[in-house]
Amino acid sequence: MGPLESLLGMIPGASKALKGVKVDERGMERMVAIIKSMTIKERRNPNIIDGSRKKRIAAGSGNTVQSVNQLLKQFHQMQKMFGNFNKKKMRGIPGGMPRF
């Protein structure tokens, strides 16, 4: 496939926004290893990951517990950011958020 930078450049509209962005491919590999070391239940609900689970995930992925903590922190930050984005996007719709 090639480097991730070239793939990001192929996304319509993203080439201008992500111009000059450097992607740490080793960091991406580390994140993938951590995520693959989680159970399906942990992937679906990362809030259940406690200290002993973090140790198991770190050992299974060949990383440190600090790396697992960092990934979980980044995940929660992204989750919060996208939640705020969706709320702002839905404000322009008459009636506010749809109810299901």
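Any read-out appearing in this document is the output of simple, stated calculations on the displayed coordinates, not a laboratory observation. Computed from a predicted structure; not experimentally measured. Virtual Cβ from ideal backbone geometry, glycine too; neighbours counted across all protein chains shown.
If the condition is being more than 9 Å from the chain's Cα centre (by Cα) and within 15 Å of ASP50 (Cα to Cα), then segment 65-81 contributes VAL65, GLN66, SER67, VAL68, ASN69, GLN70, LYS73. Within segment 18-31, take every residue that is touching a helix residue (DSSP H, G or I) at 6+ places or on another chain (Cβ under 9 Å) and not in a loop (DSSP other than H, G, I, E, B) and give me the one that is nearest to SER6 (Cα to Cα). For segment 18-31, the residue satisfying everything is GLU25.
Give the residue that is surrounded by the fewest Cβ atoms within 10 Å (Cβ to Cβ), with candidates limited to residues of segment 32-64 that are among the hydrophobic types (A, V, I, L, M, F, W, C), assigned to a helix (DSSP H, G or I) and within 16 Å of the chain's Cα centre (by Cα). So, considering only residues that are among the hydrophobic types (A, V, I, L, M, F, W, C), assigned to a helix (DSSP H, G or I) and within 16 Å of the chain's Cα centre (by Cα), the one surrounded by the fewest Cβ atoms within 10 Å (Cβ to Cβ) is ILE40.
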